[in-house]
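Novice: One structure, pasted below without further comment.
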There are 2 protein chains.
Amino acid sequence: MTRPKLPAPPSASPPKAPAPTPVQLMDQLAQAAALYYRNFAAVAAERDLTLMQGKMLSLLRRPMPMRALADLLACDASNVTGIVDRLGARGLVRREADPSDRRVKMVMLTEEGEETVRQIRSELMSNLTGLESLGEEDRHAFQRLLSQVLPAVST
Amino acid sequence: MTRPKLPAPPSASPPKAPAPTPVQLMDQLAQAAALYYRNFAAVAAERDLTLMQGKMLSLLRRPMPMRALADLLACDASNVTGIVDRLGARGLVRREADPSDRRVKMVMLTEEGEETVRQIRSELMSNLTGLESLGEEDRHAFQRLLSQVLPAVST
DNA sequence: CTCAATGGTTGAGTAGGTCAAGTATTCTCG
DNA sequence: CGAGAATACTTGACCTACTCAACCATTGAG
């Protein structure tokens, strides 16, 4: 932790270790993303759900056409058919015809599905203790940095 | 952007929008992770590689036993066999016996594999323009926040 | 030297993924 | 209106990824 004798950086009030390069940050981002999904998959697995099944449940905050799910999951529509089938067979979601366009099938959570999503989200949150420990300043900064580096898509 | 009449937050020099809640941050994190992998998968797909194949190539900075790959990818060893088989069939990696322990097979990139990894990494980087745009301060902050929220595993 | 532990592969079974083809419905426009 | 394009979804074929149990080869411990 001793102060290195580097040429003073342009900004920075308290001199710190050299700033990570963008490439290093990319690698850290890769690790963070991997870690996030590993955690998510583990939480889903406790309920005998795969990663994709968990993801889909989490997306279903409101009823949604199959097509919309395919777009959100960035996969083929035929893929969604299978996943919804399996979730449906377990009573976590159901399909309902859209009266205004009979081509469309709306997918929605059942009661049990809602409950499962609640459980998953709360367990996810409880595994991300690092998030709780951030102060207001840090939460602001994190939000800003994330949306600057990985501009979120509208949900 | 007008100043809201909230009770002044404890810290903060310039008053801003209300800080995101930990739960909101979790959702944003989910989106960021999804976006990162969507990008990664797209870059890999351009070279006819799956996400996992791309990941594995990227991990092979140095020769590594199958076992180590399984640990890094957090999957079953038998899984690695298949992936390495397919990458091997395309000439991107090869297996070599470890002389010091003949049970072990070291997996390593071929020349073509090295080149592919270089290409993937550089294209990934060029898609993450947001990273390049961060100043020293922000890079520091991002690194700190990421490792606080998602403590990285040693590579 | 025997036996347990370790590294890797194989085979069976499921899920996720794409693509092409097919059905049903809606939209467009002459 | 009515024919044809476009859209939503499903199905079937085919591959990758993933897990589990069983298996072989080698190593390590007693």
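Taken together, the values in this text are just the output of simple stated rules run on the coordinates, not laboratory data. Worth saying up front: this structure is predicted, and the values here are computed from it rather than measured. In this analysis, Cβ positions are derived from the backbone assuming ideal geometry, glycine residues included, and neighbour counts consider all displayed protein chains.
Novice: Report, for A:Pro151, each distance to the same residue's label point in the other copies, shortest first and in nm; define the point 7 Å along Cα→Cβ.
Specialist: 3.5
Novice: Please name which of A:Ala70, B:Leu25, A:Thr155 has its Cα lying farthest along the dipole of the protein assembly as shown towards the positive end, using unit charges on Cβ (Lys, Arg +1; Asp, Glu -1) and the Cα centre as origin.
Specialist: Result: B:Leu25, furthest along the dipole toward the positive end.
Novice: Using θ = phi - 60° and the Karplus relation 6.51 cos²θ - 1.76 cosθ + 1.60, list the HN-Hα couplings for region B:76-83 in order, rounded to whole Hz, with x at every Gly or Pro.
Specialist: After applying 6.51 cos²θ - 1.76 cosθ + 1.60, I find 5, 4, 5, 5, 4, 3, x, 5 Hz.
Novice: Right, next: For the protein assembly as shown, just list the percent of Cα-Cα distances falling in each 20 Å bin from zero outward, please.
Specialist: 26, 54, 19, 1
Novice: Here is a further query. In peptide A:127-135, how many Cβ atoms from other protein chains are near each Cβ within 10 Å, on average?
Specialist: The per-residue average across the peptide is 6.
Novice: Can you list residues from other chains, or at least 5 along the same chain, whose modelled amide H is less than 5 Å from the amide H of A:Val104?
Specialist: Here A:Asp98 satisfy the definition.
Novice: I've got another one for you. Between chain A and chain B, with a rotation axis joining them, whose C-beta in A is nearest that axis, and what is the whole-Å distance?
Specialist: Axis-proximal residue of A, distance in whole Å: A:Ala33, 2.
Novice: Can you list, largest first and rounded to whole Å, the semi-axes you get for region B:31-70 by taking the square root of 5 times each eigenvalue of its Cα gyration tensor?
Specialist: 22, 12, 7
Novice: To continue, here is another question. Rank B:Val93, B:Val104, B:Val117 by how far each Cα sits towards the positive end of the charge dipole of region B:31-140 (+1 on Lys, Arg Cβ; -1 on Asp, Glu Cβ) and give me just the farthest.
Specialist: Comparing the listed Cα positions along the dipole, B:Val104 ranks first.
Novice: How many nanometers, to one decimal and shortest first, lie between the label point of B:Asp27 and those of its other copies, if labels sit 7 Å from Cα toward Cβ?
Specialist: 3.5
Novice: Just A:Glu46, A:Glu114, A:Glu136 to compare: in a GNM of chain A, with alpha carbon springs under 10 Å, which one fluctuates most?
Specialist: Checking each option, the largest mean-square fluctuation is seen for A:Glu136.
Novice: If amide hydrogens are placed 1.01 Å from N in the peptide plane, which non-local residues have theirs closer than 5 Å to the one on A:Val93?
Specialist: Those qualifying (amide H under 5 Å, at least 5 residues apart or on another chain) are A:Gly88, A:Thr110.
Novice: Continuing with this model, one more query. Report the percentage of all Cα-Cα pairs in region A:94-155 whose separation exceeds 21 Å, rounded to a whole percent.
Specialist: That fraction is 56 percent.
Novice: Considering the Cα positions of region B:22-127, please state its Rg to one decimal place and its Dmax as a whole number of Å.
Specialist: Values for region B:22-127 (Cα only, Rg and Dmax): 15.5, 52 Å.
Novice: If you plug each phi of region A:126-139 into the Karplus form 6.51 cos²θ - 1.76 cosθ + 1.60 with θ = phi - 60°, what whole-Hz ³J(HN,Hα) values come out, in order, with x for Gly and Pro?
Specialist: Result, ordered by residue: 6, 8, 9, 4, x, 5, 5, 7, 7, x, 4, 3, 5, 5 Hz.
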